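*Asks:* One structure, pasted below without further comment.
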Amino acid sequence: MFIKNIEVGEIFIPLARPFKTALRTVYNVEDIVIKIATDTELAGFGEAPPAAVITGDTKGSIITAIKEFITPALVGMEIDDLDGIFRKLNTCIVRNTSAKAAVDMAVYDLYARKHNTPLYKMLGGNKSVVETDITISVNPIPEMVADSLDAVSKGYRILKIKVGKEGLKDLERIGEIRKAVGPDIKIRVDANQGWNAKQSVQIITAMEEGGLDIELVEQPVPAHDFKGMQYVTGHVSTPILADESVFSAEDAIDLIQNRAADLINIKLMKTGGIHNALKICDIAEIYGVECMIGCMLEGKLSVSAAAHLAAAKGVITKADLDGPSLCKTDPFPGGPLYEENLIYMNEAPGIGIEEVPCLSN
């Protein structure tokens, strides 16, 4: 079985409510979707969001990378030649990690379909159910409290609170949410690079002294500020999760060896797909560092690829895979079953998505 062509299309999914962070406000999911066609009836599917403020990738750059660089490099290759495929995928163009991720997951989807196995079992098969948190967007405090209580009423046991816009004002946000949801709900705080190092230590220390019981703080300082991450990690007790600072296996090694983070957040759109994410898993396991699997604001296809990885690997102990729950509609039939905070892995081959709309040559 060989790769015959890669079809590229776009998909539009409205969100149930605006998604607000310290970096951006989003109203719709507008992703690139792909289909790897072969000389048989089998095909593999992939998806990539144009999260320019995080990865630098736009819709135009993703489409161009796939059509003009990746497709010519991969057409004609045997699907069983995974090593060769991923070597070409990662060398035919630099960066462009979202475009690579879409193709990477489609290759894995196709490979698992060929061998009639769910992807999570092929990657490791650690568990069949994944628990995810849900994101609470940055808004006025009463609205964030109401959103938190609504999530808890639906069964979510872990809230990811977006902050980073107003410094010490964020303390009030988190305090009011903790007061409203009680002590049994886990709270994760995501600053999305919104604080500097000293400010981070001040805010996190105040959260600790206030007894807010925060599970972790994600990416408190700008992505490039490894020294700042190191300073924060060394001066607070709350675990620090590196997100935008980690795109590659090399980044993970630097952060871990320099004790610049306690945890690593793996996102397929940063790593360029599952192939490179597995390298980060191996590195983290060697050093005894736990990982979270996260997503951008994505549809069910690409989030499901990440869910399969989360289910496969024991070193991934936390999940932030709420993208499909934030969408108003789901255009992707099949795949894992999303029931609020729990994701049940499909037993159908591959990622399990049956078809992808809006595809054209």
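Taken together, the values in this text are just the output of simple stated rules run on the coordinates, not laboratory data. Values in this document were obtained by computation on a predicted structure and should not be read as measured data. Heads up, the Cβs are rebuilt from the backbone with ideal geometry, glycines too, and the neighbour counts pull from every protein chain shown.
*Asks:* Work out, step by step, the length gained on full extension between GLU355 and LEU342: first 0.36 nm times the residue separation, then minus their alpha carbon distance; give nm to one decimal.
*Replies:* Length gained between GLU355 and LEU342: 2.4 nm.
*Asks:* Can you list the residues, at least 5 places off or on another chain, whose amide H is less than 5 Å from the amide H of GLY350, using H built in the peptide plane?
*Replies:* It is ARG113, THR117, LEU119, by chain and number.
*Asks:* Could you tell me which of the pairs LYS4/LYS59; LYS100/LYS160; LYS267/LYS328; LYS59/LYS100 are separated by over 19 angstrom between their Cα atoms in the structure shown?
*Replies:* Listed pairs above 19 Å: LYS4/LYS59; LYS100/LYS160; LYS267/LYS328.
*Asks:* Also: For a distance above 23 Å, tell me the whole-number percent of Cα pairs in region 200-309 that qualify.
*Replies:* Taking all Cα-Cα pairs of region 200-309, the fraction more than 23 Å apart is 29 percent.
*Asks:* What is the Cα convex hull volume of region 121-344 when expressed per residue in Å³?
*Replies:* So the per-residue hull volume is 112 Å³.
*Asks:* Loop only per DSSP, at most 11 neighbouring Cβ atoms within 10 Å: give me the GluC sites (Glu not before Pro) in region 1-67, ordered by residue number.
*Replies:* Sparse-neighbourhood loop GluC sites (Glu not before Pro): GLU41.
*Asks:* Counting only DSSP beta bridges with both residues in region 121-344, what percent are antiparallel, rounded to the nearest 5?
*Replies:* For region 121-344, the DSSP antiparallel bridge percentage is about 20.
*Asks:* Another question, if that's okay. Under 8 Å for C-alpha pairs, at least 6 residues apart: give me the relative contact order for region 121-344, rounded to a whole percent.
*Replies:* This gives 21 percent for region 121-344.
*Asks:* Go ahead and set up a Gaussian network model of the chain, Cα springs under 10 Å, then flag whichever of VAL129, VAL221, VAL94 fluctuates most.
*Replies:* VAL94
*Asks:* Oh, and also: Could you check the spin-label model distance between LEU168 and GLU290? Points 7 Å from the Cα along Cα→Cβ, value in nm.
*Replies:* That separation, rounded to one decimal, is 3.2 nm.
*Asks:* Going by C-beta contacts inside 10 Å, put LYS300, LYS186 in order with the fewest on the left.
*Replies:* So the ranking, lowest neighbour count to highest, is LYS186, LYS300.
*Asks:* In nm, what is the difference between 0.36 nm times the number of residues separating ARG95 and LYS67 and their Cα-Cα distance?
*Replies:* 8.5 nm
*Asks:* Sticking with this structure for a sec: Taking the Cα atoms of region 242-287, what is the range of coordinates along each of the three principal axes, in descending order and whole Å?
*Replies:* Here the spans come out as 25, 21, 14 Å, largest first.
*Asks:* I need SER128, SER325 ordered by Cβ neighbour count within 10 Å, fewest first.
*Replies:* The most exposed by this proxy come first: SER128, SER325.
*Asks:* Could you tell me what fraction of 2.2 N^0.38 Å the Cα radius of gyration of region 3-116 comes to, as a two-decimal ratio?
*Replies:* 1.12
*Asks:* I need the GluC sites (Glu not before Pro) found in region 130-201, filtered to DSSP loop residues with at most 15 other beta carbons within 10 Å of theirs.
*Replies:* The qualifying sites are GLU166.
*Asks:* Turning to a different aspect of this structure: Under 5 Å between amide H atoms, partner at least 5 residues away or on a different chain: which partners does GLU10 have, H built in plane at 1.01 Å?
*Replies:* VAL33
*Asks:* What is the calculated FRET efficiency for ASN116 to ARG24, with r their C-beta to C-beta distance and R₀ = 41 Å, to the nearest 0.05?
*Replies:* Here the calculated transfer efficiency is 0.50.
*Asks:* Quick one: angle between helix 300-312 and the longest Cα principal axis of the chain, in degrees between 0 and 90, rounded to 10, please.
*Replies:* 80
*Asks:* Please give the FRET efficiency for ARG259 paired with ASP80, using the beta carbon to beta carbon distance and R0 = 41 Å, rounded to the nearest 0.05.
*Replies:* 0.50
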